[in-house]
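Each value in this text was obtained by applying a stated rule to the coordinates, not by laboratory testing. Note that the structure is a prediction, hence the values are computed from the model and not measured. Positions of Cβ are generated from backbone atoms using ideal geometry, with glycine treated the same way; all protein chains shown enter the neighbour counts.
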Amino acid sequence: MKDERLDARRIAAQLDEPVTEAAALARKLGLDPYPVNYWIVDHDEMNELIAYSGFQDRYPHWRWGMAYDRQQKKDQFGMGKAFEIVNNDNPSHAFLQESNTMADQKAVITHVEAHADFFANNSWFGLYSDRGSTGSDPDAAAMLERHGEAIARYMDDPEIDRTDVERLIDAVLCIEDTIDQHRPLAAADIEDEDHDIDDISDKLDQLGLSEDVRQQVFDDAWLEARTAADEAAGLEEPQRDVIAFLRDHGKRYDPEAGKALEREEWETDVIERLREESYYFAAQKMTKIMNEGWAAYWESLMMGDERFAGTDEFITYADHQARVLGSPGLNPYKLGKELWEHLENTTNRKTVADKLLRVEGISWRNFSETVDFQYVAELLAPDDVIAGVCSDRLEELQALADAGDPRIDSEALDRAVRTHEGAIDPGDPNAVDVDRYPWKVLTYEGLAERHYSLAKRQNRGFLKDIDRSELETLARYMFDDEKYSSVAAAIADVEYTAGWDRMREVRESHNDVTFIDAFLTGEFVMNNNYFTYEYSHAGSEYRVASTAAEDVKKKLLLQFTNFGKPSIAVYDGNFANRGELLLGHRYNGVELDFEQATDTLERVYELWGRPVNLMTIRTEYDDHELEVARRRGREPEGTEVGVRIRYDGEAFDEYELKAELKAAIEASDVDYDTKPDEWLG
């Protein structure tokens, strides 16, 4: 054990400089992360942390052992190596595996700094802080530790059967995502007397989201229906926080008494603690694509473009990133990174096109034929001195600084010059090794020019591919008469920071659903070769269904709405006036897995103590229709049928759903369910 701790301290000492410099570089690039505490752990400790969702102390339960065993097997059979864990806290805590190479450690550190920035600045992560009563910063580690200790006390209490505690936890975990992720924020805004609906509508217009999303996530009816924090469930406005409803109104069935009895205090306490944990982890589930893509984007820029990976480490790092981005299936790192790059490129393209359309002789009609795109690319390329910062160019950099160039960090450059001349010892904390860390002598503006996306080889055709309708729209909204006499003069006024500035704005207000809806375009789908696939009932196999952008978008949104889980809400707590619970599945074209649904109903019964009902819709096909479809090579249409499943603690029964109940659970084509902070003013 002593030798292991010595190894950890040795590795920690080696990582002191990368940790310090990565944090400094992140801030130079415009990021504003929580401070991060880094911990060195061994292989088993890393697996334990993965099992505990990134924390060291959780409540006692078999799920952690199962997760630990799963991660061990993934390692054993080469199905997934854990490079890092970082949690949303202030300060954030990141855990590095001591067996990783230095290249991997640096990649993890740059990745973590970007995650910490996302945690600190994304509105959805701010929702958890809004629930607390001790300030605006999360204190997740302390909260989870308190919960673990409290639940452990219940399990050790001789008056409480440990099995009862475990069964209660099992029941709540089956429905852990049936919460209303947006309710606390909405309630806080509704209580604001200065709340102005017109202002909110203006902000919705600025986001440019589809009408389907706008209507589903925010309208007057929604505002009126949420004026009370503990509103009753009903057909018009069901209660989305199912766990809270069960906590407040549920009972437990006592087989000896043959009826439902009031819960013990410890039972209600356990339910509330698990509910709070669900809210804490909700933001991570709602922003998986954005968050991982954000971290992958900045990690790639820092490690590759800014050469944070040393020459002898770059090949190892390139292999690391290729494996992460090349993982099969719906890869959040790859999709997220590509969407962020697309947003950056489209923002920069719009900025450049806006300038070019102001050049004498260039209009949206003749843009493609008149503009020399190769010449524009040469003009957009970063200044040679900015692109090639090194000790050999210190005099040129000094000349720019003396002229007041905003791209140069004059104070850092002065230290770099004195370090190069020997006036500052290389080991001095004030020393600046400009060959090793060229970014230190540049400002945010300088780094934005140095890494300008449209100047990169892989993006040079992006400006040329601008859609004619986009050009027409840009021209239509040019309200000033600013004109340039030449293309060179127009490009000289381009703001290199536009792309990064826009990325940070989006990072603050969106989650995965709104991010995909707003920025996944036909151009993105075509350039990145995305498509949808569906199960063919006629062919009994999966087939490519569409390459259309709207279809790809709809498919992705269905996977990310409500964490990719079915949207379930409480529609009645006294169904048929018998004290039964009526749950409804908001049907959006995706059917429930009936085996899982019935298993979950058994758990819900334990939290309600009386019969429980679930409304849903399924598509039924008759044999003749399937046979005709197979012969004609098309898909059968089927018939959507509303059903109600009832469980009374012993048996399941199924009933046809009345028309008004079926109508109540039918959602729009896609059940968008999002309300970013920015939309609510």
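Here are a few things to note about the model shown:
- Cross-link pairs exceeding 28 Å in C-alpha to C-alpha distance, out of Lys28/Lys554; Lys464/Lys555; Lys285/Lys553; Lys251/Lys285; Lys355/Lys555; Lys553/Lys662, comprise Lys28/Lys554; Lys464/Lys555; Lys251/Lys285; Lys355/Lys555.
- Here segment 300-378 and segment 396-448 have alpha carbon centers that stand 27 Å from each other.
- Charge tally in the Cβ shell below 10 Å around Leu607, where Lys, Arg are +1 and Asp, Glu are -1, Leu607 excluded: +3
- Normalised by the number of residues in segment 225-337, the mean separation of alpha-carbon contacts (under 8 Å, six or more apart) gives a relative contact order of 21 percent.
- Long-range Cα-Cα pairs in segment 338-505 (distance over 21 Å), rounded percent: 54 percent
- Net charge of neighbours whose Cβ lies under 14 Å from the Cβ of Leu25, counting Lys and Arg as +1 and Asp and Glu as -1: -3
- Packing-based exposure ordering (other Cβ within 10 Å, fewest first) of Trp439, Trp266: Trp266, Trp439
- Percentage relative contact order, segment 338-505, counting C-alpha pairs under 8 Å, at least six apart: 41 percent
- Net length available on complete extension from Glu627 to Asp319 is 105.9 nm, with 0.36 nm assigned per residue and the Cα-Cα distance removed.
- Highest-first arrangement of 111-122, 468-479, 387-398, where packing means the average Cβ count within 10 Å: 111-122, 387-398, 468-479
- For a label point 7 Å along the Cα-to-beta-carbon line of Lys483, residues of segment 345-370 with backbone N under 14 Å: 357-363
- Each of Asp648 and Asp57 was given a label point 7 Å from its Cα along the Cα-to-Cβ line. The distance between the two points is 4.7 nm.
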